[in-house]
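Accompanying notes for the structure given below.
The values are calculated or read from the model by the stated rules, or taken from the named source; none is laboratory data. Because the structure is a prediction, the values reported are computed rather than measured. Glycine gets a Cβ as well: all are built from the backbone with ideal geometry, and neighbour counts include every protein chain shown.
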Amino acid sequence: MKIVTLGLTALLALAAIAVHAGESHDDARRLSQAGDIRPLEQILELAQRTHPGRTLEAELEHKHERYIYEIKIVDPQGTVWEMKYDARTGELLKDKKDD
């Protein structure tokens, strides 16, 4: 029962995170299913390893002929971090404190 509860909690948390900007949720799902980008869940795991905390925002953007995930996380000290990942490879492109 505990595993089911944790899984449901994780799904609800992911549903609360908006994927927006240049690409719609349907576009992101289509790109992920086609293997053109990594699933958002994988990128969120990478971001949490870099800066553990609460995810505030996740965006999928199409810039300079590639897809980029922008993730914002607030850490336990209250610092907001903005990270950008190549959506195809998962490479961390940018990691900075958000002003």
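Yes or no: Asp99 surrounded by fewer than 17 Cβ atoms within 10 Å (Cβ to Cβ), without any contact (Cβ under 8 Å) to a residue 12 or more places away in the chain and either touching a strand residue (DSSP E or B) at 6+ places or on another chain (Cβ under 9 Å) or part of a strand (DSSP E or B) (or both)? Criteria met by Asp99. Scan region 1-52 for residues that are of a type in the set (A, V, I, L, M, F, W, C), over 22 Å from Leu93 (Cα atoms) and modelled with pLDDT of 50 or more and the total you get is 1. Taken over region 64-85, the residue count meeting the criterion of being within 20 Å of Gln33 (Cα to Cα) and more than 11 Å from the chain's Cα centre (by Cα) is 3. Residue count for region 26-65 satisfying the condition of being in a strand (DSSP E or B) and surrounded by 13 or more Cβ atoms within 10 Å (Cβ to Cβ): 8.
Does region 72-85 contain any residue that is among the hydroxyl-bearing types (Ser, Thr, Tyr) and outside any strand (DSSP E or B)? So far as region 72-85 goes, yes, one or more of its residues are among the hydroxyl-bearing types (Ser, Thr, Tyr) and outside any strand (DSSP E or B).
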